[in-house]
Amino acid sequence: MKYIIFSALILILSACSLTPDLVRPAAPIPDTYSTQQQMQGKSIAETGWRRVFTDPQLQYLIQLALEDNRDLRIASLNVEAVRAQFQIQNSARLPTIDATAGSIRQRTAMTDSAAASVNTQHTAGLAITAFELDFFGRVKSLSDAAFARYLASEQGQRSAKISLIGAVADAYYEDLLARQQLDLTEKTLADWRTSLKLTRSLKTAGQVSNADVTVAEGQVASAEADLSERQRQLSKTHNALRLLTGSDFVHNKAISDRFSDSALPPQIPAGLPSDLLSLRPDILQAEQNLIAANADIGSARAAFFPRISLTTSVGYSSSSLSNLFGGNQHAWSFAPQMTQPIFQHGRLRSELKLAEIRKSSAVADYERAIQTAFREVADALAGQATYASQIEAQQRFSDSARKNLELTRIRYHAGQDSRLQLLDAQRTLYTAQRSLLELRKQEYSNTVALYKSLGGGVLDE
């Protein structure tokens, strides 16, 4: 009966916890986004990335990155390391049982009443060494903190995967932009070189001045400089994709040459700001870090109370190895120990204060993660609402510049416009076309940013 009472007492005391109740701060963001957008639809976090990025070439590169990217591999290994740390910490909540066997042979000195002798003692049994009875929840708090950090590391890995998918998409669109800009510059340079050749012929015939030739030469030189920049940028985008994918993708599969070859990701439903709390992996990671910091306070509080540990063993002991497991050789020991901190020079109070400060910092990190997520989504929604109209206007400007160049060329050949007016019309069209390409790339990148800011979709479907 007394053993039942003692066991019940241990269970009751073990249920004690000094960890404070965790009250999550209210989300410091508005209830809705200011930009009007579609609220309905399946959450992007529950959607596979292949449904967002439908371009087969881009899917191929993302798959390469998910398989071979070294940063993602390191993130996965970090999760495994934190999981092992949790398992180590959690194992302290249960007693460890070791099988023991040994022999002691010793000589005792001669005394007035006894002659010197040599004694041998053999032992074999099972032992529990320094198992802490967690009356005040110290070990449980440490285990809870380790488990929360493990969950945080899993969210960190998911965040790394979303970032990698977005980085590959951005690099891919950068590559498309570089290819189209290089193509535009090559065509423009060929046209301007032809124009320069014609201007020099006209100068030889005395129909234009040296100023016209100088302006045409400067225009060609400017395009040549742009060509070198575009070639360099294309090499950089290739290098970026190689780093992200972890392989030489160029030898495996070709890449699209134009934005029109790459389908723009579909409109993504944004939902409400409150949805971010359960979708964004960085917010979930900050939340788990807050839970871990709160559990650390419970561990620091429990350190002020007595720590009771138990060492026990049961087995056999005999001076004769052949008689070790005889019926009368049973042996056992039971050695409980209590340690009560008395004078620690303020160490325990400082540790508790440090745990409380770290929790306050974790609260601030959690709130900052929420605010950052809201800002990123709001920015992406603002882009989603305005890029289409801006691109449409820029397209009209580019079409107008092309028509103006055609008319200016006709007027120039008719002698109504100067050579300088023709060159200016050429530069205007070139600038308008470059700006249009930049805007289209920004529209694609804005969709990638919205995908990432809403929590991404990492399922491979």
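Tabulated results
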{"quantity": "Residue match in region 76-97 (condition: in a strand (DSSP E or B), open to solvent by 70 Å² or more (accessible area, probe 1.4 Å) and not small (Gly, Ala, Ser))", "calculated": "yes"}
{"quantity": "Set Lys203, Lys236, Lys161, Lys197: member being assigned to a helix (DSSP H, G or I), of a type in the set (Lys, Arg) and under 21 Å from Leu405 (Cα atoms)", "calculated": "Lys197"}
{"quantity": "Matching residues in region 408-423 - criterion: being outside any helix (DSSP H, G or I) and over 19 Å from Val213 (Cβ atoms)", "calculated": "Ala414, Gln416"}
{"quantity": "Check on Ala211, among the small types (Gly, Ala, Ser) and either at pLDDT 90 or above or not in a helix (DSSP H, G or I) (or both)", "calculated": "no"}
{"quantity": "Qualifying position, being assigned to a helix (DSSP H, G or I) and free of Cβ contacts under 8 Å to residues at least 60 places away in the same chain, among Ala380, Ala385, Ala401", "calculated": "Ala401"}
{"quantity": "Hits in region 414-430 - residues which are of a type in the set (D, E, K, R) and touching a residue at least 60 places away in the same chain (Cβ under 8 Å)", "calculated": "Arg419, Arg427"}
{"quantity": "Matching entry among Leu196, Leu164, Leu182 (being at pLDDT 90 or above, out of contact with any His (no Cβ under 9 Å at 6 or more places or on another chain) and farther than 30 Å from Asn289 by Cα)", "calculated": "Leu182"}
{"quantity": "Residue match in region 261-282 (condition: of a type in the set (Ser, Thr, Tyr), open to solvent by 30 Å² or more (accessible area, probe 1.4 Å), assigned to a loop (DSSP other than H, G, I, E, B) and at pLDDT below 85)", "calculated": "no"}
{"quantity": "Residues of region 429-461 satisfying the condition of being in a loop (DSSP other than H, G, I, E, B) and charged (D, E, K, R)", "calculated": "Asp460, Glu461"}
{"quantity": "Test: residue in region 436-449 that is out of contact with any Pro (no Cβ under 9 Å at 6 or more places or on another chain) and free of Cβ contacts under 8 Å to residues at least 12 places away in the same chain", "calculated": "no"}
{"quantity": "Residue among Gln426, Gln390 that is assigned to a helix (DSSP H, G or I) and open to solvent by 50 Å² or more (accessible area, probe 1.4 Å)", "calculated": "Gln390"}
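The values are calculated or read from the model by the stated rules, or taken from the named source; none is laboratory data. From a predicted model like this one, the values you see are computed outputs, not experimental measurements. Counting neighbours? That spans all protein chains shown, and the Cβs are built from the backbone with ideal geometry, glycine included. Surface areas here come from the heavy atoms of the whole protein model, side chains and all, with no ligands, DNA or RNA. Shrake-Rupley method; radii C 1.70, N 1.55, O 1.52, S 1.80 Å.
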